[in-house]
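Novice: I'd like to ask you about the structure that follows.
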Amino acid sequence: MSTAMNFGTKTFRPRPPDKGAFPLDHFGECKSFKETYMRCLRDNHFDNSSCRGESKEYLECRMDRQLMAKEPFEKLGFKDFMEKPAEENKAKS
């Protein structure tokens, strides 16, 4: 009788991804934001740069309702949105 000895084999330990895995919106809490964003995409021939405002609002809704981890919008690619109010204040002065 022979016994297989696999001392060199590593065991696979799965881990969740850092980004991109978050709960589904089962109760439709952010459905209106999603629909607005999808309508914007259709109206703009799926050019997502034309719908960044709607995208930001949708992500904000998800974060507010704990459907995704809170992240600063600068880290989500909306740094230019965050700088606009400061620039507008300078222009008004």
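FYI, it's all coordinate maths here, none of it is from the lab. Note that this is a predicted model, so its numbers are computed, not measured. Cβ sites come from the backbone with ideal geometry, for glycine too, and all protein chains shown count toward neighbours.
Novice: Grab the Cα-Cα distance for Leu76 and Lys34, subtract it from 0.36 nm times how many residues apart they are, and report the gain in nm with one decimal.
Specialist: Working: separation 42, 0.36 × 42 = 15.12 nm, distance 1.70 nm.
Between Leu76 and Lys34, full extension yields 13.4 nm more.
Novice: List the trypsin sites (Lys or Arg not before Pro) within region 46-83 that DSSP assigns to loop and that have no more than 14 neighbouring Cβ atoms inside 10 Å. The partial results should precede the final answer.
Specialist: On the way: sites: Arg52, Lys56, Arg62, Arg65, Lys70, Lys75, Lys79; in loops: Arg65, Lys70, Lys75.
Hits after loop and neighbour filter: Arg65, Lys70, Lys75.
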